[in-house]
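As structure tokens, the structure follows; a few thoughts come after it.
None of the figures in this text is laboratory data; all of them are computed from the coordinates on show. Owing to the predicted nature of the structure, the values given are computational and were not obtained by experimental measurement. Cβ: placed from backbone, ideal geometry, glycine included. Neighbour counts: every protein chain shown.
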Amino acid sequence: KKILLINGPNLNLLGKREVRVYGAKTLPDLEEEVSAVAKQHGVELTCKQSNHEGHIIDWVHEAGEVYDGIIMNPGAFTHYSYAIRDAIAGVHVPCIEVHISNVHKREEFRHTSVLAPVCAGQIVGLGFHGYQLALFALLHILEGE
Ligand code: DQA
């Protein structure tokens, strides 16, 4: 299986940004961790990060052509990007939304996800571990297809 991992805006700052909220580990640490688990399960994982909405939209379209599933932490785009929502709704591959922090414990604006209704599921508040859980969830979904 081929899975695309997309980390959105500001996640390149992991390890430096709001360490109390997101932890001290970096984006390369995260990508290595998830890639190792993917490899153990025979999954070909590609990791991308962008601060630009349009890049993320283009990658979702590409995923619709050449990947079996998407794991996405859309960062703050989660809360307002109808364009990313339409991109996910427009492709025929499952997408799992992941948040490192427990968005429900935080500011009110983080409690809403405009993407969740078009995602297969959502994992929040479990740190980097959430990405592994998303990978397992996708494999489960893909096996059932
Ligand atoms: C986040 C939560 C978002 O509200 C925030 O804008 C982020 C990171 C998370 O992983 O907890 O950038 O998606």
Next item on the list: Mind checking which of F136, A24, A38 is farthest towards the positive end of the range 2-143's charge dipole, using Cβ charges of +1 (Lys, Arg) and -1 (Asp, Glu) about the Cα centre?
Entry: A24
Check: Any idea what the dipole of the range 75-145 comes to, in debye rounded to 20, about its Cα centre with Lys/Arg Cβ at +1 and Asp/Glu Cβ at -1?
Finding: 240
Item checked: Label-to-label distance, nm, for residues given as Y80 and H129 (7 Å Cα→Cβ offset) -> 3.3
Next item on the list: State the dimensionless ratio Rg/Rh of the range 2-143 (Rg: radius of gyration of Cα atoms; Rh: Kirkwood radius).
Entry: 0.93
Next item on the list: Evaluate the relative contact order of the chain (contact order divided by residue number), counting alpha-carbon pairs under 8 angstrom at least 6 apart; express in whole percent.
Entry: 25
Item checked: Residue-by-residue Karplus 3J(HN,Hα) for the range 97-108, coefficients 6.51, -1.76, 1.60, Hz, glycine and proline x -> 8, 10, 10, 5, 8, 7, 4, 6, 8, 10, 4, 3
Note to self: With +1 assigned to the C-beta of every Lys and Arg and -1 to the C-beta of every Asp and Glu, and no other charges, what is the dipole magnitude of the range 2-143 about the Cα centre in debye, to the nearest 20?
What the structure shows: 500
Margin query: Students often forget the sequence filter, so: which aspartates and glutamates lie under 16 Å Cα-Cα from K1 once same-chain residues fewer than 8 apart are removed?
Written below: E44, E62, E65, D68, E143, E145
Next item on the list: Name the long-range amide H neighbours of V124: under 5 Å, sequence gap of 5 or more, or other chain; modelled H, no Pro or chain starts.
Entry: H99
